[in-house]
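A.B. asks: Okay, here's the structure, questions in a sec.
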Number of protein chains: 2
Amino acid sequence: MTERSVYAVIMAGGSGTRFWPASRRARPKQLLPLGGGEALVREAVARVTPLCGTANVYIATGRHLVEATGAVLPELQPEQLLAEPVPRNTAPCIGWAVATIARRDPDAVVMALPSDTHIRDLEGYQGCLRTAIAEARSGVITTIGIEPTHPETGFGYIEADPGAGPVLTVKRFVEKPDLERAKQFLASGNFFWNAGMFIFRARDMLAAIETHLPELAAGLSELDDAAARGQEAHILDDVFARLPAVSIDHGVMEHIAKLSVVPGRFGWSDLGSWLAAGELATKDGEGNAAPDGTVVIDGRDNLVVDMRSGQAKRVVALVGVSNLVVVETDDALLVVEREASQRVGQVVQALKDRGDDDLV
Amino acid sequence: MTERSVYAVIMAGGSGTRFWPASRRARPKQLLPLGGGEALVREAVARVTPLCGTANVYIATGRHLVEATGAVLPELQPEQLLAEPVPRNTAPCIGWAVATIARRDPDAVVMALPSDTHIRDLEGYQGCLRTAIAEARSGVITTIGIEPTHPETGFGYIEADPGAGPVLTVKRFVEKPDLERAKQFLASGNFFWNAGMFIFRARDMLAAIETHLPELAAGLSELDDAAARGQEAHILDDVFARLPAVSIDHGVMEHIAKLSVVPGRFGWSDLGSWLAAGELATKDGEGNAAPDGTVVIDGRDNLVVDMRSGQAKRVVALVGVSNLVVVETDDALLVVEREASQRVGQVVQALKDRGDDDLV
């Protein structure tokens, strides 16, 4: 196993609205430094380059995001950015990237990973990926399952056959459970959060697509033929428009007979809302995370985020308030109760409904 | 009684900190449109000009506020703005203004009124003032007492002898009570809020000052002598520095044997905090008062105030929050729980303590 036979596909086409007003159509979650450091997609790349090298990273994103994505990853070559003309969910996204890699090396191992999460324990994460790469190299499509820390109802789960060791056999994928089932999952020890991380040989994934998503396989075949003639770009829009919009989970993974899972607990956060971002932020003794100079009188567990582009001096003062998230951009101010963070998307919808397109 | 024999002295030297970040040292409460219309001092003047005419209005303010005060009252002549070189509380403030008026007309009736309150029922207020003017013209110093609507512990009270009719006799002034006493006051019907409104003949007030504050009377006499020689401005700093800093209540009113009070209920608000400002604001069906375009998802009884000077488009969104006051200026953002509004002054103190003088 050489590093040169390992590739990463970072899926960076998301357009979430939960981080409004920081996130916008042209600046979605993965382009924001929500983990407290750099843009999430940049951190996602930095986590895997020790495993595959910078030259073997592909970013799968939308055409309207290519420029902004490239701007936060200037070390990548333009051909490493795969710009989907229209969003078609993760199966076409991964399929196109894998087909592209397979043209160079069908035996390459590919890590298909999300771009918009946070991982605290980098070494733990890389260890799981190394285990998964070894497993994939043996011809088994492999996923990473997050060991649950609480009975979460917002994620899908992966059930594994009981067993020990760093690699388990997947029994089934499970949709988001209700609280009662989530508690059972947590207690059983055989259920893991599905974090959308898949590791496989390129040829194995293409074969699985051929079997389970023949329509997608046909489209990828057209792209391969065109690529051989240097014409891929010319037919991309036409082919993508005809691809089925389906997730890799529903379209492929759930139908594969033999699948492995590498359980891991490496401080993973899906960064699903401002609440989650607040949990990652550096806090003072009162639980407040805010820019230097913020004045807090009798307030706890507040998160203040200043994403204004200008450098104008501005002070924020909080008096007698707790559990608030306050986010400022140049053109918007959001104040949301932490536990209501999931509902920020409703603001985006309200703005769309009234035609305030420049604000969404 | 002609209008020309009635004067108004609007006391506009206050420097409250409770309306930070809208209020600043150079832009105190009375210069802000906190009642939802124009600057409070301008509204205070507009309320009395039907009774005394614009030419008979004096504004008593601090020297550092003269320019800004004149800017919101461009119809006044410079000599109608009395600029105190140093703040010396209300007795010297009123004394100097009354001495100035008495040089023109010692029999003039003077209404000494605050600049930083809100009054909803203009006709009711003017009716009380007319009654008080008539009473003052008979030689009795008169105050207006606000009929209490609740057992307020934040105001001083005026107790009147039991009686009916538009004019009662003052029995005594009472300091801010505790809640138990405030409830008794409310129940008795003989107690009124002291709103700092005094109506009197100029000669009567000067005589009272002569009796009860001889040190102030001596200073005013010096100013009179200098004014007769056209030299008042030259000695003003020197004289003011020597005047006793005492309120008209403690220094004069509480010692006067015969004093009248005109009770009134005319929608008076002392605008003591953002909470009070919120009560005056126009609200939607959910109790929210906010600029047009504000998005509120599941929130009630919030007040949003935008006092930024620029016209840049900006949207405010509130999600899952209630009873908040949000105030934006160019250089500050305040988020305060309504009931904590009284504590906003602590922010100003914190900013002073750390040397952020440009923000206070």
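A.B. asks: When you check B:VAL335 against the structure, is it at the interface with chain A (Cβ under 9 Å from one of its Cβ atoms) and either buried (at least 19 other Cβ atoms within 10 Å of the Cβ) or touching a residue at least 12 places away in the same chain (Cβ under 8 Å) (or both), yes or no?
C.D. replies: Judged against the criteria, B:VAL335 is a match.
A.B. asks: Oh, and also: With respect to B:PHE240, determine if the residue is within 25 Å of B:GLY14 (Cα to Cα), assigned to a loop (DSSP other than H, G, I, E, B) and among the aromatic types (Phe, Trp, Tyr).
C.D. replies: no
A.B. asks: While we're on this one: Considering only the stretch B:301-323, state which residues are crowded, with 16+ Cβ neighbours inside 10 Å and of a type in the set (Lys, Arg).
C.D. replies: Passing the criteria: only B:ARG314.
A.B. asks: Report, ordered by the first and then the second residue, all pairs with beta carbons closer than 8 Å, sequence separation of six or more or different chains, a first member in the stretch A:307-320 that is over 19 Å from A:ALA22 (Cβ atoms), and a second member that is crowded, with 19+ Cβ neighbours inside 10 Å and acidic (Asp, Glu).
C.D. replies: A:VAL319/B:GLU337; A:GLY320/B:GLU337
A.B. asks: Which of the following residues is of a type in the set (A, V, I, L, M), touching a residue at least 12 places away in the same chain (Cβ under 8 Å), assigned by TED's automatic domain parsing to the domain that holds A:VAL246 and not in a helix (DSSP H, G or I): A:LEU82, A:LEU65?
C.D. replies: A:LEU82
A.B. asks: Being more than 24 Å from the chain's Cα centre (by Cα), more than 9 Å from chain A (Cβ to nearest Cβ) and on the phi < 0 side of the Ramachandran plot is the filter here; which residues of the stretch B:305-326 pass it?
C.D. replies: So in the stretch B:305-326, the residues more than 24 Å from the chain's Cα centre (by Cα) come out as B:308-324, B:326.
Applying the additional criterion that residues be more than 9 Å from chain A (Cβ to nearest Cβ) yields B:308-311, B:323.
Correct list: B:ARG308, B:SER309, B:GLY310, B:GLN311.
A.B. asks: Another question, if that's okay. Among the residues of the stretch A:258-278, is any over 27 Å from A:LEU122 (Cα atoms), of a type outside the set (Phe, Trp, Tyr) and assigned to a loop (DSSP other than H, G, I, E, B)?
C.D. replies: Yes; the residues of the stretch A:258-278 include at least one that is over 27 Å from A:LEU122 (Cα atoms), of a type outside the set (Phe, Trp, Tyr) and assigned to a loop (DSSP other than H, G, I, E, B).
A.B. asks: Taking A:GLY154, is it in a loop (DSSP other than H, G, I, E, B) and touching a residue at least 12 places away in the same chain (Cβ under 8 Å)?
C.D. replies: So A:GLY154 fits the description; yes.
A.B. asks: Also, quick follow-up: Regarding the stretch A:26-43, can at least one residue be identified that is assigned by TED's automatic domain parsing to the domain that holds A:ARG120, of a type outside the set (Lys, Arg) and without any contact (Cβ under 8 Å) to a residue 12 or more places away in the chain?
C.D. replies: yes
The values are calculated or read from the model by the stated rules, or taken from the named source; none is laboratory data. As the structure is a computational prediction, the values presented were derived from the model and not from experiment. All Cβ positions, glycine included, derive from the backbone under ideal geometry; neighbour counts span all protein chains shown.
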